[in-house]
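Beneath this line is the structure, given in structure tokens, with notes to follow.
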């Protein structure tokens, strides 16, 4: 039996519960709150927007940074001239400079050094705040588990916190780190600082995919003492599930949901659709199949939003309509799936952990075309749910894959939609996955 006064969790997030991000962490927290007597959350920083409602036994502590995590002036002001440790990063600096031991495609030296100094100054900013570190250490000393939701940024604190906590407790709390995609695979950004230090100090690694687990075991020695895969999940927001199983009109609707950054390659999807509507023979086949128009609706903001909107304006016609909605509240996106449904979801990322966006569309019976990166293949069971495509696919290849799916008989479309919903229900339901995980985290 756990002492209820000892069974406390300290959780490190990026922004939760502030702003609208980390929606899948927001889904997970209520299950953690049921398992643990008390939870204290340390956000990395506090963005604009209202604070979301949290369970009664959840306390929100001081954010680790007094500014946005992308504020370069903040890092120079708070992270450069202070009394925090300095020489611990010497080895990591040379790793960034020469690209030694980087797993996957390397960024160029200037980008590696920029990433290094951003993370280094972030860490020194946090460590130099004596009052904050006393608060963090005190909370961790009274906790049973310390849970870092991401494997970078805040997780850089793991080796430092272990040294601060150890003299003050009889039994060390367990330091647990979840690993997703861009916080695990170095190839996503071309470089991630302090990987070996984080891995060596982590007691319990929680990759969200088997691919992530294999990546850790293959690339890090020593690696965390315990490594277990715990899949994420999505919450279905329609109790009276009624997706568009039957094709009711002559419009083929495609959706996408991701940040509009180069990593996600949404421009590749747009290029593929442009090629499709320029192919007169393909358009005739699509028309013969019963579709007179194709729509593509994408949710998500980012630095490519304006350029993609301009490109869409040059493509839109009576045959195709491309609409970039920009950043939207999570509930609004799910409401769109519920009310409008879709015939196909496309994700063309170069790197992923295991995308919750795919889980969400499957819960609304929407088949998927997705690149075979990270743990994406783990979302697909043996029954047909769409297509997994090669990560190096060209716009022409993607166009042909979309065309192939559109031309499938109606009964195959219907079966795939039904398969998607059943697959989500059996494998990716947040209630099931997070209940089991919270119980495991409590007892591990």
| query | Using every alpha carbon pair in the stretch 14-125, what percent of pairs falls into each 10 Å bin from 0 up to the bin containing the largest distance? | reply | 13, 32, 28, 23, 5
| message | Springs between alpha-carbon pairs under 10 angstrom, Gaussian network model over the chain: which of 259, 249, 118 fluctuates most? | response | 249
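Given the Cα atoms of the stretch 347-397, and with Rh set as the inverse mean 1/r over their pairs in the Kirkwood sense, what is Rg to Rh to two decimals?
Expressed as Rg/Rh, it is 0.94.
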| said: Among 389, 102, 319, which one shows the highest mean-square fluctuation when the chain is modelled as a Gaussian network with alpha-carbon springs under 10 Å? | reply: 319
| Per 5 Å bin, what percent of the C-alpha pairs of the stretch 144-200 does each bin hold, from zero upward? | 4, 19, 27, 22, 13, 8, 5, 2, 0
| Whole number please: convex hull volume per residue of the Cα set in the stretch 248-303, in Å³? | 76
| message | Give the separation of the Cα centroids, the stretch 349-381 to the stretch 71-115, in Å. | response | 32
| task | Kindly express, to the nearest 10 degrees and within the range 0 to 90, the angle between helix 210-219's C-alpha long axis and the longest C-alpha principal axis of the chain. | result | 50
| query | Between the helical axis of 410-427 and the dominant principal axis of the chain, each derived from Cα atoms, what acute angle in degrees is found, rounded to the nearest 10? | reply | 20
| task | Enter the Cα centre distance for the pair the stretch 195-225 and the stretch 258-292, rounded to the nearest angstrom. | result | 39
| note | Using the Kirkwood formula on alpha carbons, the hydrodynamic radius of the chain in angstrom works out to 23.2
| query | Could you put 211, 27 in order, starting from the residue whose Cβ has the fewest other Cβ atoms within 10 Å? | reply | 27, 211
| Rounded to the nearest 500 deg cm²/dmol, what is the calculated helix-only ellipticity per residue at 222 nm for the chain, with -39500 (n - 2.57) per DSSP H run of length n ≥ 4? | -12500 deg cm²/dmol
| remark: With Cα coordinates, the longest principal axis of the chain makes an angle with the long axis of helix 109-128, in degrees rounded to 10, of 50
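Every number in this text was worked out from the coordinates using simple rules, so none of it is lab data. What you see is a predicted model, and the numbers here were worked out from it, not measured in a lab. Glycine gets a Cβ as well: all are built from the backbone with ideal geometry, and neighbour counts include every protein chain shown.
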